[in-house]
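The structure appears right after this line, and notes come after that.
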Amino acid sequence: MDARLNYFGNALGAKVLKHINSANKVVSDSTLPHTTQELVKIRASQINGCGFCTDMHTKDAAHAGESVQRLNLVAAWREATVFTDAERAALELTEQGTRLADAAGGVTDGVWANAAEHFDEDQLAALVSLIAVINAYNRINVINQQPAGSYQPGQFG
């Protein structure tokens, strides 16, 4: 499979990615736990069918010490006992925030309240921003049919 467009090498695409990457850096440097950040990126990427991002974030998480068991269970997190209550709240917010078109009301008050029990205001801002950013990356890669499988941890810095 080849990408439809060399988006990463295109001047306009590179400018867009520079800004998305800057937003991602702000989130990455926040107090939202890094493990939670990777779980959110993986789950949104799974929902959106983004092989490129799923490949990247599972490899980055494993490289950072995440267990194979937890990585294998992200897609079935509701039935898994290996996630903390805070991680579960973040994953549920990720699902509702990613599947906006599937739910007429968007993110429910209950899901928001649950997340707010586990994260402070800055962490909630980071979580909301991260969900938005990973969905942007997913959409670019899915539309472009960016091939997956060859990512190496730390490849992008």
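The values are calculated or read from the model by the stated rules, or taken from the named source; none is laboratory data. For clarity, every value in this text was computed on a predicted model and none was experimentally measured. Every residue, glycine among them, receives a Cβ derived from its backbone with ideal geometry; neighbour counts consider all protein chains shown. Accessible surface is based on the protein model in full, side chains and every heavy atom, while ligands, DNA and RNA are left aside. Shrake-Rupley method; radii C 1.70, N 1.55, O 1.52, S 1.80 Å.
Within segment 13-27, does at least one residue satisfy the condition of being charged (D, E, K, R), within 23 Å of E92 (Cβ to Cβ) and outside any loop (DSSP other than H, G, I, E, B)? Scanning segment 13-27 turns up no residue that is charged (D, E, K, R), within 23 Å of E92 (Cβ to Cβ) and outside any loop (DSSP other than H, G, I, E, B). The residue that is farthest from the chain's Cα centre (by Cα), counting only those in segment 22-43 that are touching a residue at least 60 places away in the same chain (Cβ under 8 Å) and open to solvent by 60 Å² or more (accessible area, probe 1.4 Å), is T31. The single residue among S129, S150 that is open to solvent by 40 Å² or more (accessible area, probe 1.4 Å) and closer than 19 Å to V26 by Cα turns out to be S129. For E87, the conditions (1) within 27 Å of H19 (Cβ to Cβ); (2) among the charged types (D, E, K, R); (3) under 16 Å from the mean Cα position of the chain (by Cα) all hold with the exception of (1). For segment 74-115, the candidate set comprises residues that are open to solvent by less than 30 Å² (accessible area, probe 1.4 Å) and of a type in the set (S, T, Y); within that set, the residue that is farthest from N138 (Cα to Cα) is T94.
When V74, V128, V142 are screened for being among the β-branched types (V, I, T) and over 21 Å from N21 (Cβ atoms), only V74 passes. Does any residue of segment 40-58 turn out to be over 19 Å from T98 (Cβ atoms) and out of contact with any Leu (no Cβ under 9 Å at 6 or more places or on another chain)? No; the residues of segment 40-58 include none that is over 19 Å from T98 (Cβ atoms) and out of contact with any Leu (no Cβ under 9 Å at 6 or more places or on another chain).
Among the residues examined, P147 does not qualify as over 17 Å from S22 (Cα atoms) and in contact with an Asp or Glu (Cβ under 6 Å, 6 or more places away or on another chain).
Conditions (1) within 15 Å of the chain's Cα centre (by Cα); (2) in a helix (DSSP H, G or I); (3) at pLDDT 95 or above; (4) under 26 Å from A148 (Cβ atoms), marked per residue:
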{"position": "H57", "(1), (2), (3), (4)": "yes, yes, yes, yes"}
{"position": "D60", "(1), (2), (3), (4)": "yes, yes, yes, yes"}
{"position": "L71", "(1), (2), (3), (4)": "yes, yes, yes, yes"}
{"position": "V74", "(1), (2), (3), (4)": "yes, yes, yes, yes"}
{"position": "R78", "(1), (2), (3), (4)": "no, no, yes, yes"}
{"position": "T81", "(1), (2), (3), (4)": "no, no, yes, no"}
{"position": "L93", "(1), (2), (3), (4)": "yes, yes, yes, yes"}
{"position": "G105", "(1), (2), (3), (4)": "no, no, no, no"}
{"position": "W112", "(1), (2), (3), (4)": "no, yes, yes, no"}
